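Engineer: Could you have a look at this structure, given as structure tokens, before my questions?
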Amino acid sequence: MFQKCKQSGLSVSRDIVYQLLKILDPDGILKRKRRRLHRRQYVSKGPDYVWHVDSYDKLKPYGIGINGCIDGFSRHIIWLEANLTNSDPKVIGNYFIEAVRCRKGCPRRVRADMGTENGHVEQIQKFLRRHHNDAVAGDKSFLYGKSTSNQRIEWFWGILRKEVGQFWMDLFSEISSDVGEAAFSGNFLDKSLMQFCFINLIQKDLDILVECWNTHTISGGSGMRGGNRPIMLYNLPELYNKEHCLCYVDEREIDVCAEETTPKLDIPCDETVRDLCMLLMEEDGYGIPEDAGDARNLYMHLRNSILDQL
């Protein structure tokens, strides 16, 4: 929380943050002080040894799917994306291959839940690792398992809900329960309008969360000294007697794999609905929403305008 305040431009001391948390979350403070929060031990050989991939479905009823990936050793977020879907394997595959392109290499292994949305990631990972000669190369470089065992990313979803997800869930629930002019029925038009109005704002929140998370201080852990940050653990593993596990990949192979995936649109939304919304916004003098209130007003205006014309 102290780190989040700093990144928001607030000048506040740790003591003040602590005192405020004692008022807002006394039970949590007490449990942490008594060391009652017990976590399972996780062991990894270093950054990029295992990437954990999973989807977050709490906003899916409103047409918005979130997918994320976290490095097992450092807890560094590899990607965190909001899109039209988190169940299209080509979309998830694009997140993966672009992360590989950025690093010019792939992880030793990828860990994911059983599900068709991870099919492209599986095939891409095995293809990129087919000629490597380590113990987990080829078919062994991708692991399926139960969601309860995918602990790194599953644990992070609790952080996401507390910091970002709950706010949007409450807002969308309010819109859904409005029986007046802004009712949300869950049909194609309503979901498309939700996507048009809200996805980029949600993505902005996710980006802020990633920045805050990757630079926050981890309070100790197995084999770690207090004060470590995911970004340091990921980029400077030698400080912790670990080594980089990234596997080099030829750029031409990355390009081949990318051709089989679906990139994210600048404004993730059905193209016809998007063009109609842009036209209505231009005619009525509406701009791109800058916050949740603007987005809600825009959603209500666009929905009413389109329904009036039907």
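Engineer: Can you find a residue that is surrounded by 17 or more Cβ atoms within 10 Å (Cβ to Cβ), outside the structural domain of ILE218 (by TED's automatic domain parsing) and either at pLDDT below 95 or not hydroxyl-bearing (Ser, Thr, Tyr) (or both) anywhere in the stretch 22-41? Spell out how you get there, then give the answer.
Structural biologist: Start the filter on the stretch 22-41 by keeping residues that are surrounded by 17 or more Cβ atoms within 10 Å (Cβ to Cβ), which leaves none.
Within the stretch 22-41, not a single residue is surrounded by 17 or more Cβ atoms within 10 Å (Cβ to Cβ), outside the structural domain of ILE218 (by TED's automatic domain parsing) and either at pLDDT below 95 or not hydroxyl-bearing (Ser, Thr, Tyr) (or both).
Engineer: What are the residues in the stretch 128-163 that are of a type in the set (D, E, K, R) and either surrounded by 12 or more Cβ atoms within 10 Å (Cβ to Cβ) or touching a strand residue (DSSP E or B) at 6+ places or on another chain (Cβ under 9 Å) (or both), if any? Break it down stepwise before answering.
Structural biologist: Going residue by residue through the stretch 128-163, those that are of a type in the set (D, E, K, R) are 129-130, 134, 139-140, 146, 152, 154, 161-163.
Passing the criteria: ARG129, ARG130, ASP134, LYS140, LYS146, ARG152, GLU154, ARG161, GLU163.
Engineer: Which members of the stretch 271-310 meet the condition of being in a helix (DSSP H, G or I) and under 21 Å from MET169 (Cβ atoms)?
Structural biologist: Step one: of the stretch 271-310, the residues in a helix (DSSP H, G or I) are 271-284, 292-309.
Residues satisfying the conditions are ALA292, GLY293, ASP294, ALA295, ARG296, ASN297, LEU298, TYR299, MET300, ARG303.
Engineer: Of all residues in the stretch 138-171, which are under 11 Å from ASP54 (Cβ atoms) and of a type in the set (Phe, Trp, Tyr)?
Structural biologist: Result: TRP155, PHE156, TRP157.
Engineer: I'd like to know if the stretch 249-260 contains one or more residues that are more than 30 Å from THR85 (Cα to Cα), assigned by TED's automatic domain parsing to the domain that holds ILE202 and either in contact with a Lys or Arg (Cβ under 8 Å, 6 or more places away or on another chain) or polar (S, T, N, Q) (or both).
Structural biologist: First, the residues of the stretch 249-260 that are more than 30 Å from THR85 (Cα to Cα): none.
Within the stretch 249-260 (the criterion being more than 30 Å from THR85 (Cα to Cα), assigned by TED's automatic domain parsing to the domain that holds ILE202 and either in contact with a Lys or Arg (Cβ under 8 Å, 6 or more places away or on another chain) or polar (S, T, N, Q) (or both)), the answer is no, since none of the residues qualifies.
Engineer: Right, VAL273: in the same structural domain as ASP170 (by TED's automatic domain parsing), crowded, with 18+ Cβ neighbours inside 10 Å and either more than 19 Å from ASP190 (Cβ to Cβ) or touching a residue at least 40 places away in the same chain (Cβ under 8 Å) (or both) or not?
Structural biologist: Values: in the same structural domain as ASP170 (by TED's automatic domain parsing): no; crowded, with 18+ Cβ neighbours inside 10 Å: yes; either more than 19 Å from ASP190 (Cβ to Cβ) or touching a residue at least 40 places away in the same chain (Cβ under 8 Å) (or both): yes.
Spelling it out, it is not the case that VAL273 is in the same structural domain as ASP170 (by TED's automatic domain parsing), crowded, with 18+ Cβ neighbours inside 10 Å and either more than 19 Å from ASP190 (Cβ to Cβ) or touching a residue at least 40 places away in the same chain (Cβ under 8 Å) (or both).
Engineer: Output the number of the condition that ILE159 fails; it satisfies all remaining conditions of (1) in contact with a Ser or Thr (Cβ under 8 Å, 6 or more places away or on another chain); (2) within 18 Å of ILE77 (Cα to Cα); (3) outside any strand (DSSP E or B).
Structural biologist: Of the numbered conditions (1) in contact with a Ser or Thr (Cβ under 8 Å, 6 or more places away or on another chain); (2) within 18 Å of ILE77 (Cα to Cα); (3) outside any strand (DSSP E or B), the odd one out for ILE159 is (1).
Engineer: OK, next. Which count do you get for residues in the stretch 78-104 that are under 16 Å from TYR248 (Cβ atoms) and either crowded, with 20+ Cβ neighbours inside 10 Å or out of contact with any helix residue (DSSP H, G or I) (no Cβ under 9 Å at 6 or more places or on another chain) (or both)?
Structural biologist: Of all residues in the stretch 78-104, those under 16 Å from TYR248 (Cβ atoms) come to 97, 99-104.
Restricting the remaining residues to those that are either crowded, with 20+ Cβ neighbours inside 10 Å or out of contact with any helix residue (DSSP H, G or I) (no Cβ under 9 Å at 6 or more places or on another chain) (or both) gives 97, 99-100, 102-103.
Matching residues across the stretch 78-104 total 5.
Engineer: Condition check: over 20 Å from the mean Cα position of the chain (by Cα) and without any contact (Cβ under 8 Å) to a residue 60 or more places away in the chain. Does ASN67 satisfy that? I'd like the intermediate steps shown before the answer.
Structural biologist: Numbers: over 20 Å from the mean Cα position of the chain (by Cα): no; without any contact (Cβ under 8 Å) to a residue 60 or more places away in the chain: yes.
In short, no.
Engineer: Which condition breaks for ILE254 when tested against (1) free of Cβ contacts under 8 Å to residues at least 24 places away in the same chain; (2) crowded, with 18+ Cβ neighbours inside 10 Å?
Structural biologist: Going through the list (1) free of Cβ contacts under 8 Å to residues at least 24 places away in the same chain; (2) crowded, with 18+ Cβ neighbours inside 10 Å, ILE254 breaks only (1).
Engineer: Right, next: Among the residues of the stretch 276-287, is any at pLDDT 95 or above, within 24 Å of the chain's Cα centre (by Cα) and surrounded by 16 or more Cβ atoms within 10 Å (Cβ to Cβ)?
Structural biologist: no
Engineer: Run down GLN125, GLN166 and say which single residue is in a helix (DSSP H, G or I) and either crowded, with 21+ Cβ neighbours inside 10 Å or at positive phi (or both). Break it down into steps so the answer makes sense when it comes.
Structural biologist: Details: GLN166 fails: either crowded, with 21+ Cβ neighbours inside 10 Å or at positive phi (or both).
One residue alone meets the criteria, GLN125.
The values are calculated or read from the model by the stated rules, or taken from the named source; none is laboratory data. Remember, it's a predicted structure, so these values are computed and weren't measured experimentally. Every residue, glycine among them, receives a Cβ derived from its backbone with ideal geometry; neighbour counts consider all protein chains shown.
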